[in-house]
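Comments concern the structure below.
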Amino acid sequence: MKRLAALLLALASPLFCQTNTGELRLKVLDASGAGINAAIQITSEANHYRNTLATDEQGNLDVQRLPFGIYQLEIARPGFAVFTDAIEVRTTIPTDHILQLKVAAVSSTITVTADETLINPDEAGSVNQIGSEMIRTRLSSLPGRSLQDLVNTQPGWLYEGNAVLHPRGSEYQTQFVVDGIPLTDNRSPSFGPEIGADDVQSMSIYTAGFPAEYGRKMGGVVEVNTVQDPQPGFHGQVVLFGGSFNSAGAYAQGQYTWGKNTLGGSASGDMTDHYLNPVVPQNFTNTGTLGSFAVRYERELTPRDRLSFLVRHELSRYEIPNEMVQQAAGQRQTADNIETMGIVSYQHVFSPNVLADFRGMVRDNANDFGSNEDSTPLLIFQHNRFREGYFKGSVTVNHGRHEWKVGVESDNTFLHENFSYVITDQDEFDPEMPPTFAFTGSRPDLEQSAYVQDLMHLGKWTVNAGLRWDHYQLLVNRQAFSPRIAVARFFPSADVVVHAAYDRVFQTPSFENILLSSSTAVESLDPDNFLRLPVLPSQGNYYELGVAKVFLRKLRLDANMFRRDANNYADDDQIDNSTISFPIAFRKSVIYGAEAKVDVLNWGRFSGYLTYSYSVGNAWFPVTGGLFLGQDASDAEANLTGHFPVSQDQRNTVRGRLRYQATPRLWFAGGIQYDSGLPFEFDGDPAEVLAQYGQQVLDRVNFARGRIDPSFLLSASMGVDVYKSDRVRVQFQADGRNLTNVLNVIDFGGLFSGNAIGPSRSFALRLTTSF
């Protein structure tokens, strides 16, 4: 039985209108009322947004995908007085705004400073914004995880395994909404190709107060905008990257706008010797190569109609890290992920108060896993793929204090699984274990939903209320209604926003290897002792109470308390140290905690952030879904009561970065990362751990507490403008990560997870040319 558990775990193994974003249609006039070209600086500190965009010759400028909030507009044009104005974006319907300049002898009558945009008075939930400046100067990442590293800087998020994001204790319940299209499959390096951070313009991150528009995967929602605002002529960016672990990469992006047309494209390629998180410090067999390209075309058909197309292709090929015993045997396991998607979107403005938006996506995703003949104790082969067709339509109506939005969506995913194994060391298994096994299966995952939501502005109160209906049909047929409400009250005299949210959620199971784990074929592995239960959707109630406060016009504090109650708590089972996993579920979970974030707004020469998260999570027996065989089945049937810490139960998490602008062209930054340690379950012999993982790993785990020891990591960065003109900017950045060189054990091999060790001390260089 000593290898039975591992084997059984292996078997299971455009224009896009996003929810809380708006559009400004600006027109700049001279003193006589004629249109004039000008550069407009647009700033919102609350949204980490700072951009300078040029109008056309007639003074027109469309600024799309602006997160809700207050924006400062500034124009400094020779011959005219400096013009500043403030405007609040709080509707998804495009808003027209006229900016009229005055001659230099006349002072502008409206004055607003950037620090007055540090708080959003209408923010009704927990939304963390990551803007282009933070993306541009981010700490360099290993290939395959730059987007995840940015999300991991925010409160409530942490890593487990191979850069798998876990928001507030949720397992595999993160969705990325890329240019308005939700991607609900696992997007970590071992499951899906990366959308690189260089390809991203901004991000909005939700952990509570979810609009009714979002559903199915509700641990956290990450809105990702990869589309640049159209600017006349040709503009682009080239990034060259290199660093430790033989890592290197290049990224190029360009966009050309003529008349009412915009054509853009991007391409990237990366390689590294540290793609996944290895299982031993020696980082055996861990190379990876990645590539991507995307093409986008947008046309403004009329002032009321806009059509957009996007095609994206991504791939990653990599090795699976070995343990010491596997390395000595000569094992080499490889995997790849290949994805192609096409997106189309159409928007029509019926009137200044009515907007319709339609979008669709087709996607093909393939995942392969292979083993060489020296793999031990078995060879594993897998070829999984899915094809997805998605459609969404919505209508937004602005009427007085209300903004109504109603919509429907349909997501049809056609799953295909192909799995097989061959035992190479029969001594590691029970004699009755079949020496070979193969499975092939196909089935559609059909999901539909409809929603209605109302964003109400009632003086100093903001209310976002909605109702969502979901239908799920794969292994089971289930449907549910989910009410949502978020309320905020702004106290202008104290620069304080108090907000509260309730979210009812309906979460569908992860579909990785779900056909295999639910098939009758796996009974042949242990016909006398197995437990197979359908994995049901999880339903839960999320609560949050929070406050946002501005201090000294330079600091913003966000603090909140939360609680999440869910039944059929989703978890996963997997083969130790591989990418093959399948969903399981427990009766219920209770997760609660508190979070805080301090943003520093350009205080003199300093800027930065500091986040803290406290979380406690427990799940309750019995198991309610998944596949269990042999001793695992016996344990699952015996454990009918009691609870245990969820695998993401890290009590204390700290992230921070402080930047110092030494000169207008030179800056330095330092960062910290503290993790108090995840729990683990281990019933084996520590001597076996020593043989598999080595003494260094053994020294970083506390068997008495059942937790990994805390880790404290330091980072440092330096950036300089090598060249800067009106048209071209060349920036150089150097980064050092884990300067303390801590052996960062993220996960330790236990009942429901394998080992994962974060990167050792590393360095990176990045050269960015923008034009």
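The values are calculated or read from the model by the stated rules, or taken from the named source; none is laboratory data. None of the values given here were measured: they were computed from a predicted structure. As a convention, Cβ positions derive from the backbone with ideal geometry for all residues, glycine included, and neighbour counts pool all protein chains shown. Heavy atoms of the whole protein, side chains included, go into the accessibility calculation; ligands, DNA and RNA do not. Shrake-Rupley method; radii C 1.70, N 1.55, O 1.52, S 1.80 Å.
The table below lists the values:
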{"item": "Accessible area (Å², 1.4 Å probe, nearest 10) - M561", "result": "110 Å²"}
{"item": "Estimated vicinal HN-Hα couplings, Hz - the range 295-309 in sequence order (Karplus 6.51, -1.76, 1.60; Gly, Pro = x)", "result": "10, 9, 10, 10, 9, 8, 5, 8, x, 10, 10, 9, 10, 9, 10"}
{"item": "Selected from Q661, F682, F644, residue furthest toward positive end of dipole (the range 606-690; charges at beta carbon)", "result": "Q661"}
{"item": "Order of exposure, largest accessible area first, which applies to L147, L557, L690 with probe 1.4 Å", "result": "L690, L557, L147"}
{"item": "Given charges at beta-carbon only (K, R positive; D, E negative), |dipole| of the range 177-318 in Debye", "result": "260 debye"}
{"item": "Apportionment of accessible area to carbon and sulfur, the range 523-670, percent (1.4 Å)", "result": "60 percent"}
{"item": "J(HN,Hα) series, the range 337-346, from Karplus relation 6.51 cos²θ - 1.76 cosθ + 1.60, nearest Hz, glycine and proline x", "result": "10, 10, 9, 10, 9, x, 10, 10, 9, 9"}
{"item": "Over 22 Å between alpha carbons, listed pairs K405/K588; K102/K260; K27/K260; K392/K460; K554/K597; K27/K405", "result": "K405/K588; K102/K260; K392/K460; K27/K405"}
{"item": "Positive-end residue, the chain charge dipole about Cα centroid, Cβ charges, pick of L545, L61, I98", "result": "I98"}
{"item": "Counting DSSP beta bridges with both ends in the chain, the antiparallel % (nearest 5)", "result": "95 percent"}
{"item": "Accessible-area ranking of Y275, Y297, largest first, probe 1.4 Å", "result": "Y297, Y275"}
{"item": "Vicinal HN-Hα couplings computed from phi for the range 760-771 (Karplus, 6.51 cos²θ - 1.76 cosθ + 1.60; Hz; Gly/Pro x)", "result": "6, 3, 8, 9, 8, 10, 9, 10, 10, 10, 10, 8"}
{"item": "W603 accessible area, assembled protein chains, probe 1.4 Å, Å²", "result": "110 Å²"}
{"item": "Only Lys, Arg (+1) and Asp, Glu (-1) charged, at Cβ; the range 569-676 dipole about Cα centre in debye", "result": "1020 debye"}
{"item": "Order of exposure, largest accessible area first, which applies to S518, S581 with probe 1.4 Å", "result": "S518, S581"}
{"item": "Per residue accessible area in Å² of the chain, where ligands, DNA and RNA are left out and the probe is 1.4 Å", "result": "37 Å²"}
{"item": "Exposure of D96 as accessible area (Å², to 10), given a probe of 1.4 Å and all protein chains", "result": "120 Å²"}
{"item": "Charge dipole (the chain, unit charges on Cβ, about Cα centre) - positive-most of A756, S146, V598", "result": "V598"}
{"item": "Local electrostatic count at F621 - Lys and Arg +1, Asp and Glu -1, tallied over other residues with Cβ under 14 Å", "result": "-3"}
{"item": "Summed side-chain charge close to R306 - residues other than R306 whose Cβ falls under 14 Å, Lys, Arg +1, Asp, Glu -1", "result": "-1"}
